[in-house]
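The values are calculated or read from the model by the stated rules, or taken from the named source; none is laboratory data. On a predicted model such as this, the values are computed, not experimentally measured, just so you know. Neighbour counts run over all protein chains shown; Cβ positions are idealised from the backbone, glycine included. Heads up: the accessible areas ignore ligands, DNA and RNA and are worked out on the full protein's heavy atoms, side chains in. Shrake-Rupley method; radii C 1.70, N 1.55, O 1.52, S 1.80 Å.
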Amino acid sequence: MATKGSKSSHKTATCLNFIALLCSLLVIGSGIWVSGQPATRCSHAYRWHVVILGVLLLLVSLAGFVGSYWSKPDLLGFHLFCMACLATLLLIIVIFAYVVTHHTGAYRVPGGEYEEYQIGGFSDWLKDHVLGTTWEDTRRCLLTQTALCSYDLHSTPNVSPLQSGCCKPPTVCGFSYVNPTVWVNPVNPTAHIDCLLWSNDPTQLCYGCNSCKAGLLGSIRHEWRKTDVFLVTALAILILVYVVGCSAYKRAQTK
């Protein structure tokens, strides 16, 4: 009877570690997705940290799978210890990402179907770590995103924060729309600094504007928030797997 119970515990642990392995792939996929988005790719702020954590989870899950499948109690115990540490680290990342992206910096344009963004509306940490690098390097990176400003943003409601801030002059400037990259200055232009920085040159546009920097922060916030949904899902499953795995490990040790 003890042998049957031991085999049952090992089978349970093997299935749970396989589920944990799938969760690690979800974390890796989320990290790769957010790292490939235009805003995150050009900001270089914490770009690969989620991917690295996912790879560590994958290695630990593989160790647990081997330990449970071939009945290696020491390896399984080491797996549970590492899984607890990585799950705690993942929890910290999830909470941290939620806190630093709590403020949106967005405001609704009167009569418009999209939002614009202000730097002052974002968290100090996000501003310091994203905009703390040389903006010229970030601007050159954004210019390589050839499709970023190629759409008719004037009549498209689904405008990303990055497009809203970098591809058109702020609404307060009162510019007249001609085509996606050409806007006509008003007779009495406002003294707003972004209005003076706007250029119809496709290589300039509003990439030097504060609104573009705010749009970058808004896009990063949006991308991190979407990634957080997958990370929270993976974390919940990992915690469940860990609790049940500990129980199965203790039963196997007792028997």
Give me the distance in nm between label points sitting 7 Å out from Cα along the Cα-to-Cβ direction at Thr88 and Lys226, one decimal. 3.3 nm
How would Glu116, Glu136 rank on accessible area, largest to smallest, probe 1.4 Å? Glu136, Glu116
Gain in span if fully extended, Ser123 to Ile52, counting 0.36 nm per residue against the direct Cα distance: 23.1 nm
Full-extension gain in nm, His103 to Ala147, via 0.36 nm per residue minus C-alpha separation: 13.1 nm
Quick one: Karplus J couplings for region 201-214, per residue in order, coefficients 6.51, -1.76, 1.60, θ = phi - 60°, nearest Hz, x for Gly and Pro? 5, x, 8, 10, 6, 10, 5, x, 7, 5, 5, 5, 5, 5
Spacing of the two label points (7 Å from each Cα toward its C-beta) at Trp70 and Asp201, in nm: 6.4 nm
Heavy atoms of the protein only, probe of 1.4 Å, neighbouring chains included. What is the accessible area of Tyr207 in Å², nearest 10? 10 Å²
